[in-house]
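One structure below.
The values are calculated or read from the model by the stated rules, or taken from the named source; none is laboratory data. What you see is a predicted model, and the numbers here were worked out from it, not measured in a lab. Neighbour counts run over all protein chains shown; Cβ positions are idealised from the backbone, glycine included. SASA here: full protein model, heavy atoms, side chains in, ligands and nucleic acids out. Shrake-Rupley method; radii C 1.70, N 1.55, O 1.52, S 1.80 Å.
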There are 2 protein chains.
Amino acid sequence: MKQTRRKFIASASLLAVASAASANIFLEMEPIKKKQISHHVFFWLKNPDSKEDLKKLVEGVQTLSKIETIREFHIGVPASTEKRPVVDASFSVSELLFFDDVEGQNIYQEHPVHQKFVENYSHLWERVIVYDSKEI
Amino acid sequence: MKQTRRKFIASASLLAVASAASANIFLEMEPIKKKQISHHVFFWLKNPDSKEDLKKLVEGVQTLSKIETIREFHIGVPASTEKRPVVDASFSVSELLFFDDVEGQNIYQEHPVHQKFVENYSHLWERVIVYDSKEI
């Protein structure tokens, strides 16, 4: 009887592990309608050859990651893909964010951390292009 | 004995479920250095007001999702974010892909599915811009 009970407990524990694991899997799955807005910003530095300015701008962009409505955050530089006529590899830094919705992006725009970023770092760039896409 | 064996099999099955579930969790976790390249393509339709052409182009872009080296796939249209001077919301369709590395992007470029897409759908657009970024 004791043996059987122990086995039952062992089985129950495994079941708990399996359930917890399954629960985690569901948490990892993106709910529909999340991360619907991508916000891709390309910066062209005033001094495109200045490694120092590049470093400063990257540091500046990194401060933005604290803003709560951001669901995914990427900073990049031009990739060494083939130089085809349609590829624009002239930018210095790219910032790619995902938001759940337009409201999340609005909160980001008006956030003090974002306003401070523009105040402290906009002297570094001469041009910015932003593309906001909604997932279909 | 038969009973015990059955219990053993039940426990073993649960263990298998638990292991499989755990394995899935690990598969869901991104290893470092994965998804390093973003490839963002913006298309401007020749007939920007044609809902039919938009639908066709979206169908075309969707065919690309089969290419094996793609790690993440998004199709979008301009989001209804604030119309600021730096925001370019004039494109018709955006395609945002992630690859593990430049090689993954090269395979995508040369893939028959991609070549067929260009062959069958390029008459629809008048302009394309591509931005390839490498995560830093």
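Is there a simple number for the mean count of other chain Cβ atoms within 10 Å of the Cβ of residues in A:82-90, and what is it?
Numbers: counts 6, 0, 4, 2, 6, 7, 5, 4, 1.
Taking all residues of A:82-90 together, the mean is 4.
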Where labels lie 7 Å past Cα in the beta-carbon direction, separation of A:Lys56 and B:Thr63 in nm: 4.9
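Magnitude of the Cβ-charge dipole of the stretch A:53-136, K/R +1 and D/E -1, about the Cα centre, nearest 20 debye?
Working: 9 positive and 15 negative charges, 77 e Å.
For this selection, approximately 380 debye.
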Go through A:Val87, A:Val102, A:Gln115 and say which Cα lies farthest out towards the positive end of the charge dipole of the stretch A:59-131; charges sit on Cβ, +1 for Lys and Arg, -1 for Asp and Glu. A:Val87
HN-Hα J couplings of the stretch B:68-84 from phi, Karplus 6.51/-1.76/1.60, θ = phi - 60°, integer Hz, Gly and Pro as x? 5, 7, 6, 9, 8, 9, 10, 10, x, 10, x, 7, 8, 7, 4, 7, 8
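Below 9 angstrom from the Cβ of B:Ala89, what's the summed charge of the other residues (Lys, Arg +1; Asp, Glu -1)?
Numbers: positive: B:Lys83; negative: A:Asp132, B:Asp88.
Here the count lands on -1.
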Along Cα-to-Cβ, 7 Å out, sits the label point; list in nm, shortest first, how far the one on B:Ile107 is from those in the other copies. 3.8
One finds the C-alpha centres of the stretch A:65-90 and the stretch B:34-49 to be spaced, in Å, by 12
Using a 10 Å cut-off around each Cβ of peptide A:103-110, what is the average number of partner chain Cβ atoms that fall inside? 1
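Taking both sides together, what accessible area is buried at the B/A interface, probe 1.4 Å, expressed in Å² and rounded to the nearest 100? Mind dumping the intermediate values first?
Numbers: alone 9920 and 9920 Å², together 15610 Å².
Using a 1.4 Å probe, the pair buries roughly 4200 Å².
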Once the label point is placed 7 Å from Cα along Cβ, list for B:Lys34 the distances to the corresponding points in the other copies, in nm, shortest first. 1.7
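R0 = 51 Å: FRET efficiency of A:Glu119 with B:Val118, Cβ-based, nearest 0.05? It would help to have the intermediate numbers written out before the result.
Values: r = 44 Å, r/R0 = 0.86.
It comes to 0.70.
Roll a 1.4 angstrom probe over the protein heavy atoms and tell me the percent of accessible area of the stretch B:30-123 that is carbon or sulfur. Could you put the intermediate results ahead of the total?
On the way: 2560 of 4900 Å².
On the stretch B:30-123, the fraction of accessible area on carbon and sulfur atoms equals 52 percent.
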Report the gain in length on full extension from B:Lys34 to B:Asp49: 0.36 nm times residue separation, minus Cα-Cα distance, nm rounded to one decimal. 1.6 nm
With DSSP loop assignment and no more than 13 other C-beta atoms within 10 Å, the trypsin sites (Lys or Arg not before Pro) in the stretch B:46-136 are B:Lys46, B:Lys83
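Give me a single rounded figure for B:34-40: the average over its residues of other chain Cβ atoms within 10 Å of their Cβ. Present the calculation step by step, with values, prior to reporting the outcome.
Values: counts 0, 1, 3, 4, 7, 3, 8.
Mean inter-chain Cβ contacts per residue within 10 Å come to 4.
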7 Å along Cα→Cβ, label-point gaps from B:Ser65 to other copies, nm, shortest first: 2.9
